[in-house]
1. Right, Ala39: modelled with pLDDT of 90 or more, part of a helix (DSSP H, G or I), under 17 Å from Thr150 (Cα atoms) and of a type in the set (A, V, I, L, M, F, W, C) or not?
2. Look through the stretch 1-36, keep the residues that are assigned to a loop (DSSP other than H, G, I, E, B) and either surrounded by fewer than 10 Cβ atoms within 10 Å (Cβ to Cβ) or within 60 Å of the chain's Cα centre (by Cα) (or both), and return whichever of them is modelled with the lowest pLDDT.
3. Just to verify a result, which residue in the stretch 115-125, among those that are assigned to a helix (DSSP H, G or I) and surrounded by 14 or more Cβ atoms within 10 Å (Cβ to Cβ), is modelled with the highest pLDDT?
Amino acid sequence: MIPLIMPPWGKWAAVAVAAIAIFSAGWTVRAWRADAEIAHIKETLASQRTQAVLAARAEEQRQQEKANEATRKQAASVAAVNAGLLRDLDELRHRPGRAAGVSQVARADCAGGTGAELSGEDAAFLAGEAARADLLRAALATCYEVMDTTK
């Protein structure tokens with residue numbers, strides 16, 4: 001066997017090389033573990049995100065269905081108001097028109113405010129205004145109903 005002759009600093013160099021090799025191996029193993037942990041975290045976050053998106057979509061669909069139902073109710077209410085207006089206007093067609101020379105000032109002998117003395121044009125105007133008010137009421141009720149479903 002040939003004896004190994006090593007300079008005195010060679011032992012320290014061998015120890016330093018061994019320490020660097022051990023450190024590098026440890027660093028590599030730590031990187032593998034960190035990569036695995038990061039992959040696990042990403043997978044968990046992706047799963048949580050998917051669940052949150054599905055829950056949000058289900059809530060959105062629930063709210064949209066309630067809003068659609070409120071809109072259907074409003075459409076039925078609008079149809080009823082329009083039908084009533086058409087019926088009223090048809091009945092008011094048979095009323096006499098405004099008489100010529102009638103004062104624009106209220107008469108003192110007018111017996112109440114039933115509208116029985118209104119001309120056809122005036123009664124039609126008031127029936128239209130009442131229908132418009134009913135449409136606004138229905139729209140407001142629908143708005144409240146939709147907003148209550150989003151709480």
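1. Working: modelled with pLDDT of 90 or more: yes; part of a helix (DSSP H, G or I): yes; under 17 Å from Thr150 (Cα atoms): no; of a type in the set (A, V, I, L, M, F, W, C): yes.
Against the criterion (modelled with pLDDT of 90 or more, part of a helix (DSSP H, G or I), under 17 Å from Thr150 (Cα atoms) and of a type in the set (A, V, I, L, M, F, W, C)), Ala39 does not qualify.
2. Filtering the stretch 1-36 down to residues assigned to a loop (DSSP other than H, G, I, E, B) leaves 1-7.
Still in the running and either surrounded by fewer than 10 Cβ atoms within 10 Å (Cβ to Cβ) or within 60 Å of the chain's Cα centre (by Cα) (or both): 1-5, 7.
Values: Met1: 60, Ile2: 64, Pro3: 66, Leu4: 66, Ile5: 71, Pro7: 74.
Taking the candidates together, the pick is Met1.
3. First, the residues of the stretch 115-125 that are assigned to a helix (DSSP H, G or I): 120-125.
With surrounded by 14 or more Cβ atoms within 10 Å (Cβ to Cβ) added as a condition, the list becomes 120, 122-124.
Details: Gly120: 82, Asp122: 83, Ala123: 84, Ala124: 88.
Across the stretch 115-125, the extreme among qualifying residues is Ala124.
The values are calculated or read from the model by the stated rules, or taken from the named source; none is laboratory data. Computed from a prediction, not measured in an experiment: that's the story for all the values here. Note: ideal-geometry Cβ built from the backbone for every residue, glycine included; neighbour counts use all protein chains shown.
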